[in-house]
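Below is one structure, written out as structure tokens; the observations come after it.
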Amino acid sequence: MADLHELTAIEQRDALRRGELSSVELVTHYLGRIESHGATVGAFVEVTAARALETAAAIDADGRAAAATRPILGLPFADKDLVARAGVPTRYGSRLMAANVPEVSDPLVDVLDAAGGVSLGKTATPEFGTPSYTEPLAGVPARTPWDLRRGAGGSSGGAAAAVAAGLLPFAPGSDGGGSIRIPAAACGLVGLKPSRGRVPSDGGFGFPGGLVTAGPLARTVADAALLLDAMAPAGAEPTWATAPPGGGPFLAAASRAEPTAPLRIGVTTVSPWSSWYEIAVSPEARAALDTAIAELGGLGHRVEELEWTPGAAYPDHFRVIWQAGPASLPIPDEAVGLLEPLTAWLREEGRRRHVGELAAATGWLAGFERDTIAAFSGYDAVLTPTLAVPPPLVGHYDAADGERNFEQQCQVTPWTSFVNAAGLPAIQLPVLLTEPSAERPALPMGVQLIGRPGGEAVLLGLGAQLEAVLRWDARRPPIW
């Protein structure tokens, strides 16, 4: 058998079910990978080796009888450090929370444990998950394994770095403005933000307006679908999204890589942030988009330009919602000095707002959701770049000026947050590796496919088709 981390999560699951591999063996292998490479990419803030081995041993002792109802039985993962696990330090990426050890787990932890997963610890996140990069003062930067000078994105940066470096087969993340798709793009992974309400147990620090949902990061579309099946188990009623077609698992949708009936796919590089900030599409982002357009057309799908004019007031209203999260944190005045500058700026700006502004922003974004769904309704999926530029260098973002920092984030990630505001599903696909040069190695560049409400199965099917052609599942970063 190949080194265990070379196998996909599906292959590892099948080896476990056949009895060719034990959960203890698998967990031990990944713990060794974490010890060797975890600090290099800044993936973990807490490793719970003893707990993981105890859980794995209990799974092995119980046998494989429950495998049919526990989709990730015996497979390792790790909790994002915005999600509380009882008895394990949960620091939310913040110096303020250095001593926090919750007594009760968030619901998502219980869901993944019930699905049979084995948590190896906590993956790194920026402070309270607010930035689109993971460089917390409370820890070390999370770095993309493709170029250790560059960041892994955020806020699920540690999770993405871990999966891309072969420290985990897959990992759950959370996404309030792109926090799954951005690090997936920076690390060359598949990352899926489900429809609003699809995953019944988000957990963790969130924002008003229903922006945040949990979802999977993985090296392949099928692996992402397997983890999504564990996160949104059959029988758990989604609060907003529709059930999978026919009630079947998402893995079935991701296992059909052959082209089906032609789908209509709209393409746009329009960003709602362009009414405030200068938004430019880099040559690398354009090349990734053109690659996806060509391959989707080659698969028989109808790909055409989408005419779309988002409301010019989007930046102001989204910022009100984004600032409201930090503004609501129960932070004593004497502890505010421990906040990072960006969080402090968001908190201060949010506290200056009055309740009427929050109500107006919530109402406006509800209309934006309706208008966006209507504008996209003629298409089975909408295609955009994921990032506007290659993954930025660690230290790229202004550490002192919150206003400038926020602008920089929007310029790197201009197409992600509006999908959260609209509640739609979206999948990041790593369609391209840039050509290496004397200045930099090959870097992943991705595209985003946005689906209809409850349309994850269509996105997974399209992703599987592109993966079968482009074979990103065979790519490995230098650290591998």
### Query
Can you list the residues, at least 5 places off or on another chain, whose amide H is less than 5 Å from the amide H of residue 150, using H built in the peptide plane?
144, 394
#### Entry: For the chain: span of alpha carbons on each principal axis (Å, largest first)
60, 57, 52
### Query
Listing 137, 251 from the residue with the fewest other Cβ atoms within 10 Å to the one with the most, what is the order?
137, 251
### Message
Quick query: amide H of residue 45 versus all other amide H atoms, modeled in the peptide plane; which residues come in under 5 Å with a sequence gap of 5 or more or a different chain?
### Response
122, 123, 124
### Query
What percent of all Cα-Cα pairs in the range 245-359 falls in each 10 Å bin, counting up from 0?
11, 23, 22, 23, 17, 4, 0
### Message
Explain nothing, just the number: dipole magnitude of the range 4-474 about its Cα centre with +1 on each Lys and Arg Cβ and -1 on each Asp and Glu Cβ, in debye rounded to the nearest 20.
### Response
300 debye
### Task
Using per-residue counts of other Cβ atoms within 10 Å, averaged over each peptide, order 316-328, 25-37 from highest down.
316-328, 25-37
### Derived scalar couplings ³J(HN,Hα) [the range 10-27; Karplus, 6.51 cos²θ - 1.76 cosθ + 1.60; whole Hz; x for Gly, Pro]
4, 5, 5, 4, 5, 5, 5, 5, 7, x, 7, 8, 9, 5, 4, 4, 5, 4
### Message
Based only on other Cβ atoms within 10 Å, what is the fewest-to-most ordering of 456, 348, 403?
### Response
403, 348, 456
### Summary
Amide H proximity to residue 267 below 5 Å, modelled H, separation 5+ or other chain, gives 304, 305, 306, 383
### Query
Tell me, what HN-Hα J-couplings in whole Hz come from the Karplus equation 6.51 cos²θ - 1.76 cosθ + 1.60 at θ = phi - 60° for each residue of the range 374-391, using x for Gly and Pro?
5, 5, 8, 5, x, 10, 6, 7, 10, 10, 9, x, 8, 10, 7, 9, x, x
#### Entry: Footprinting exposure proxy for 406, 250 (fewest neighbouring C-beta atoms within 10 Å first)
406, 250
### Message
In whole Hz and in residue order, list the ³J(HN,Hα) couplings for the range 335-344 that follow from phi through the Karplus curve 6.51 cos²θ - 1.76 cosθ + 1.60, θ = phi - 60°; x for Gly and Pro.
### Response
9, 4, x, 7, 5, 6, x, 5, 5, 4
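In percent, what relative contact order does the chain have, based on Cα pairs under 8 Å that are 6 or more apart in sequence? Could you put the intermediate results ahead of the total?
Details: 1127 pairs, mean separation 82.1, N = 480.
Reported relative contact order: 17 percent.
Readers should treat all values here as calculations from the given coordinates under stated rules, not as data from a laboratory. Here the structure is a predicted model, which is why all the values come from computation and not from measurement. Heads up, the Cβs are rebuilt from the backbone with ideal geometry, glycines too, and the neighbour counts pull from every protein chain shown.
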